[in-house]
Amino acid sequence: MAMQDLIIEYIKDEYLEEDDEVGLDTPLISSGIVDSFSMVSLKTFLENKYNISIPDEKAAPEAFDTVRKIIDLVHEFNPDAE
Amino acid sequence: MAYSEKVRSAYKELIDGIRNDGLFKEERYIHSEQGIEIKVEFPAGSEPRDVLNFCANNYLGLSSHPDVVKAAHEGLDTRGYGMSSVRFICGTQDIHRELEEKLTAFLETEDTVLFASCLDANAGLFEAVLSADDVMIADRLVHASVVDGMRLCPAKHDTFKHSNMEHLEKKLQEHQDARYRMIITDGVFSMDGDMAKLDVICDLADKYDAMVVVDDSHATGFIGKRGKGTHEHCGVLGRVDAITTTLGKALGGASGGCVSGRSELVEMCRQRARPYLFSNTMAPVVVAAANKVLDIITATTERRDKLEASTKYWREGLESAGFDLKAGDTPIVPVMLYNAKLAQDMARDLFDEGIYVIGFFFPVVAKGQARIRTQISAAHEKEHLDKALEAFTKIGAKYDILGKSKDDIIAKYGL
């Protein structure tokens with residue numbers, strides 16, 4: 001599964017209710033869909049899945065606000081991740 | 001650095017931003033004691049007006065109860081005003097010990113330690129009992145002070161979807177490698193008024209070897225047949241490892257909080273909880289009054305029984321008028337409006353009708369979940385409830401939302 005689909009699937013499963021939809025540019029944290037305190041499980045998921053370590057200073061809520069930004073963040077630490 | 005004009009204007013800009021975002025909070029000055037019939041100056045500078053209070057946490061109507069006020073006077077006369085000390089130097093009186101013992105007996109726990117507030121109890125507990133080898137797993141709608149307490153603790157943290165027991169179970173399975181697992185939840189959730197499924201939570205805790213911590217601030221004194229709290233209501237007395245709760249709501253409403261639970265956890269708080277170690281003791285006058293409150297609620301369930309009946313009457317009244325309510329059976333009854341401006345406009349119009357309620361919207365609640373949160377008290381009489389129902393019906397009709405579903409309201413006013 002492509003990274004985009006995998007991340008969307010995780011977000012839907014972890015944070016959303018059944019009828020909620022999320023796209024590449026759906027605001028997640030600034031819209032209140034994901035609260036910054038609960039974001040930690042997404043960070044752990046990305047670190048385990050893509051074998052990276054995201055330092056705290058890079059793990060600001062803004063960096064996780066859309067799926068597109070999350071993909072950019074993963075690529076910053078693992079350019080080959082797909 | 002001096003407080004230069006540059007610094008001043010930066011802060012002013014921030015405050016303007018809060019105002020422009022519609023998030024600026026204003027105080028309303030009350031010119032009377034706390035109760036149902038209060039005098040409120042709003043907006044600031046206007047003549048105070050008589051309104052009925054439907055937004056206090058005064059669930060048992062004890063905030064200004066004559067017996068409680070009398071006990072406070074006696075406490076002031078016999079134990080003085082302040083202690084000028086933290087608890088462990090020279091800030092513990094016999095009445096502090098008495099209150100801790102009464103809370104332990106009432107909550108049916110092993111031991112209790114007082115804090116200056118429940119916010120302090122939540123700030124102190126987790127750091128005092130957990131380390132980096134442990135994990136805290138919290139419901140996503142826990143109170144802000146629980147979140148703050150978890151942030152102060154070196155243990156890992158994770159969250160589960162609100163009251164979603166399958167999701168909690170999945171998280172417990174994922175964290176089996178941690179030394180200790182701690183499930184953290186509110187007993188009654190303050191914004192929605194719903195209750196945690198503590199029976200299921202305690203079963204999962206047994207199955208996956210986890211501790212259970214409950215913030216029962218919106219339950220202690222009135223939830224459960226004897227008012228002991230959510231653990232009584234859910235039939236898990238003795239199975240919750242630590243309860244944090246407040247004396248600032250149903251139990252007289254002045255201030256103070258506690259951690260009550262397993263004796264070792266409570267002792268760890270006495271030894272290590274920073275808000276206990278480095279903050280002043282609860283004032284004797286508040287402790288004396290709280291002791292009286294515990295006597296009142298231990299002697300009779302009359303007040304919580306009346307609260308239960310009034311809540312049912314209020315909820316049924318709003319429902320038959322056609323309002324869309326959050327389901328539940330606690331004295332927190334949210335009238336759902338979804339749109340932030342609609343919630344603010346209706347709260348303002350209700351104030352003009354003599355009913356004091358507040359509209360809540362993002363970020364206090366999730367976006368698109370704006371509501372007016374009403375709170376019932378044992379001090380509400382039937383005529384208070386009837387007057388408020390009449391006002392709600394009038395204003396609901398004005399905005400044409402009576403009998404309308406969530407989708408209808410959103411279609412009319414947007415999110």
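Okay, here's what the table says:
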read-out: Selection within segment A:34-48 - part of a loop (DSSP other than H, G, I, E, B) and facing chain B (nearest Cβ under 8 Å); value: A:ASP35, A:PHE37, A:SER38
read-out: The one condition in (1) part of a strand (DSSP E or B); (2) away from chain A (no Cβ under 14 Å) that B:VAL200 fails to fulfil; value: (1)
read-out: Residue in segment B:283-293 that is surrounded by fewer than 19 Cβ atoms within 10 Å (Cβ to Cβ) and either assigned to a helix (DSSP H, G or I) or in the same structural domain as B:PRO363 (by TED's automatic domain parsing) (or both) present; value: no
read-out: Selected residue (only one of B:PHE160, B:PHE189 is among the aromatic types (Phe, Trp, Tyr), closer than 15 Å to A:SER41 by Cβ, crowded, with 19+ Cβ neighbours inside 10 Å and under 26 Å from the mean Cα position of the chain (by Cα)); value: B:PHE160
read-out: Qualifying residue in segment B:390-409 (condition: open to solvent by less than 30 Å² (accessible area, probe 1.4 Å) and of a type in the set (Gly, Ala, Ser)); value: yes
read-out: All positions within segment A:27-55 that are hydroxyl-bearing (Ser, Thr, Tyr) and under 21 Å from B:VAL364 (Cα atoms); value: A:SER30, A:SER31, A:SER36, A:SER38
read-out: Subset of segment B:330-362 (residues that are assigned to a loop (DSSP other than H, G, I, E, B) and within 14 Å of chain A (Cβ to nearest Cβ)); value: B:PHE361, B:PHE362
read-out: Residue within segment B:298-312 that is part of a loop (DSSP other than H, G, I, E, B), open to solvent by 30 Å² or more (accessible area, probe 1.4 Å) and modelled with pLDDT under 95 present; value: no
read-out: Qualifying positions in segment B:363-394 - assigned to a loop (DSSP other than H, G, I, E, B) and at pLDDT 95 or above; value: B:ILE376, B:SER377, B:ALA378, B:ALA379, B:HIS380, B:GLU381
read-out: Qualifying residue in segment B:224-231 (condition: of a type outside the set (A, V, I, L, M, F, W, C), assigned to a helix (DSSP H, G or I) and in the same structural domain as B:PHE126 (by TED's automatic domain parsing)); value: yes
read-out: Boolean, A:ASP72 is at pLDDT 90 or above, open to solvent by 60 Å² or more (accessible area, probe 1.4 Å), outside any loop (DSSP other than H, G, I, E, B) and more than 14 Å from every other protein chain (Cβ to nearest Cβ); value: yes
read-out: Of residues in segment A:16-33 being in contact (Cβ under 8 Å) with a residue 24 or more places away in the chain and open to solvent by less than 40 Å² (accessible area, probe 1.4 Å), the one farthest from the other protein chains (Cβ to nearest Cβ); value: A:GLY23
read-out: Given (1) out of contact with any helix residue (DSSP H, G or I) (no Cβ under 8 Å at 6 or more places or on another chain); (2) surrounded by fewer than 18 Cβ atoms within 10 Å (Cβ to Cβ); (3) in contact (Cβ under 8 Å) with a residue 12 or more places away in the chain, index of the condition B:ASP148 fails; value: (1)
read-out: Within segment A:1-15, considering residues that are among the aliphatic types (A, V, I, L, M) and in contact (Cβ under 8 Å) with a residue 24 or more places away in the chain, the one nearest to the other protein chains (Cβ to nearest Cβ); value: A:ILE11
read-out: Filtered residue count, segment B:154-208, keeping only those that are out of contact with any strand residue (DSSP E or B) (no Cβ under 7 Å at 6 or more places or on another chain) and aromatic (Phe, Trp, Tyr); value: 1
read-out: Subset of segment B:363-386 [of a type in the set (S, T, N, Q) and more than 12 Å from every other protein chain (Cβ to nearest Cβ)]; value: B:THR374, B:GLN375, B:SER377
read-out: Counted residues, segment A:61-82 - those being without any contact (Cβ under 8 Å) to a residue 40 or more places away in the chain and farther than 16 Å from A:ILE33 by Cα; value: 8
read-out: Check on B:ARG226, farther than 24 Å from B:ASN57 by Cα and either in contact (Cβ under 8 Å) with a residue 40 or more places away in the chain or in contact with a Cys (Cβ under 8 Å, 6 or more places away or on another chain) (or both); value: no
read-out: One residue from B:LEU307, B:LEU337 being in contact with a helix residue (DSSP H, G or I) (Cβ under 9 Å, 6 or more places away or on another chain) and of a type outside the set (Asp, Glu); value: B:LEU337
read-out: Condition check for B:ASP134: free of Cβ contacts under 8 Å to residues at least 40 places away in the same chain, more than 14 Å from every other protein chain (Cβ to nearest Cβ) and surrounded by fewer than 21 Cβ atoms within 10 Å (Cβ to Cβ); value: no
read-out: Residue selected from segment B:395-407 under the condition touching a residue at least 40 places away in the same chain (Cβ under 8 Å) and assigned to a helix (DSSP H, G or I), by the criterion farthest from the chain's Cα centre (by Cα); value: B:LYS398
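The values are calculated or read from the model by the stated rules, or taken from the named source; none is laboratory data. Small disclaimer: the values here were computed from a predicted structure and weren't measured. Don't worry about glycine lacking a Cβ; one is built from the backbone with ideal geometry, like all the others, and counts go over all protein chains shown. Each accessible area value is taken on the protein alone, full model and side chains, heavy atoms only, with ligands, DNA and RNA left out. Shrake-Rupley method; radii C 1.70, N 1.55, O 1.52, S 1.80 Å.
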